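Engineer: Please read through the structure below; I'll follow up with questions.
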Amino acid sequence: MKSRLLIFLALFAFVPLFAQQGDVVLCEGFFNPWLEEGWDVKGDNWAVWYISNSANAGGKAREMQMSPDYNFVGTTRLVSPIVELEKYDFINFQFNHCLEASAGNLNVQIGIGISQDGESWESIWEDTVTGSIFQSQYLLTFDMEDWPSKSEYFCLYYTGEGAYVNSWFVDNVIIFASKKNKYGKIDDTDENGFVAARSHILSLKGPKAGTATSFSKMKKSKNKFSRIVEGRGRRNRRR
């Protein structure tokens with residue numbers, strides 16, 4: 001018990017203060033050389049997930065690494081344990097990641113999905129990636145008012161070909177859950193419950209290290225940190 005507490009505290013030493021809003025309902029830093037109970041990897045073949053003794057995503061070693069085969073085409077998911085959110089109104093979903101692309105015409109999607117049974121998935125956020133992503137910490141906020149269930153599995157997923165991607169590193173997956181204020185608000189949301197004003201990318205390495213970019217201000221660009229990000233509708237189901 002004491003060792004788990006120390007791991008928890010070590011992880012939070014690298015969490016920015018502005019991200020600590022609400023109760024922590026999921027916290028995983030992948031410190032052990034095995035997946036913790038409840039975590040799983042699902043999806044199409046020819047994509048290999050493993051715990052790497054590296055820190056490319058910007059956390060502390062270890063981290064999850066996904067390396068697709070050159071022939072990979074499809075979707076692969078890193079799946080969390082089920083998260084109980086019945087007493088909350090919205091969540092802040094935070095994770096560190098880094099994507100290493102090779103030369104070629106890269107056009108893949110990364111995103112966050114939810115599922116009530118761990119098999120049928122709906123995307124709640126997705127981003128199209130056309131090049132490498134430096135060490136970054138993403139904080140995305142979702143209003144759960146229209147969610148049919150608040151007992152959900154979450155996943156981080158990769159969809160596309162594997163020919164032009166060397167690895168995708170993921171670390172420090174944390175979900176903060178909270179209730180709305182006395183006026184029933186958290187911030188302006190879009191039609192899908194994605195709260196752009198509260199969501200941002202914090203650059204951990206590279207030319208923009210230490211700077212945060214708001215999703216609501218992002219422009220269409222090939223720049224690694226300037227992509228249009230949308231909260232996907234509940235009807236955009238991925239299986």
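Engineer: Carbon and sulfur atoms: what percent of the 1.4 Å accessible area of segment 70-129 do they account for?
Structural biologist: Carbon and sulfur together cover 44 percent of it.
Engineer: So, by mean Cβ neighbours within 10 angstrom, what's the order for 53-59, 142-148 with the highest one leading?
Structural biologist: Most protected by this proxy first, the peptides run 53-59, 142-148.
Engineer: Please give me, ordered by residue number, the chymotrypsin sites (Phe, Trp or Tyr not before Pro) of segment 148-210 that lie in loop per DSSP and have at most 14 other Cβ atoms within 10 Å.
Structural biologist: Qualifying residues, ordered by number: Tyr183.
Engineer: Express the accessible area of segment 52-118 per residue in Å², computed with a 1.4 Å probe while the remaining protein chains stay in the model.
Structural biologist: Result: 36 Å² of accessible area for each residue.
Engineer: Counting only other residues whose beta carbon sits under 15 Å from that of Ser167, what net charge do I get with K and R as +1, D and E as -1?
Structural biologist: -4
Engineer: Quick one: net charge of Ser80's neighbours, Cβ under 13 Å, K/R +1, D/E -1?
Structural biologist: With Lys, Arg at +1 and Asp, Glu at -1, the neighbours total -4.
Engineer: Within the set of other residues whose C-beta is less than 10 Å from the C-beta of Lys42, count the net charge using Lys and Arg as +1 and Asp and Glu as -1.
Structural biologist: That sum, taken over residues with Cβ under 10 Å, equals -2.
The values are calculated or read from the model by the stated rules, or taken from the named source; none is laboratory data. Computed from a predicted structure; not experimentally measured. So basically every Cβ, Gly included, is an ideal-geometry build from the backbone, and we count neighbours across all protein chains shown. Protein only, heavy atoms only, side chains kept; ligands, DNA and RNA dropped before computing areas. Shrake-Rupley method; radii C 1.70, N 1.55, O 1.52, S 1.80 Å.
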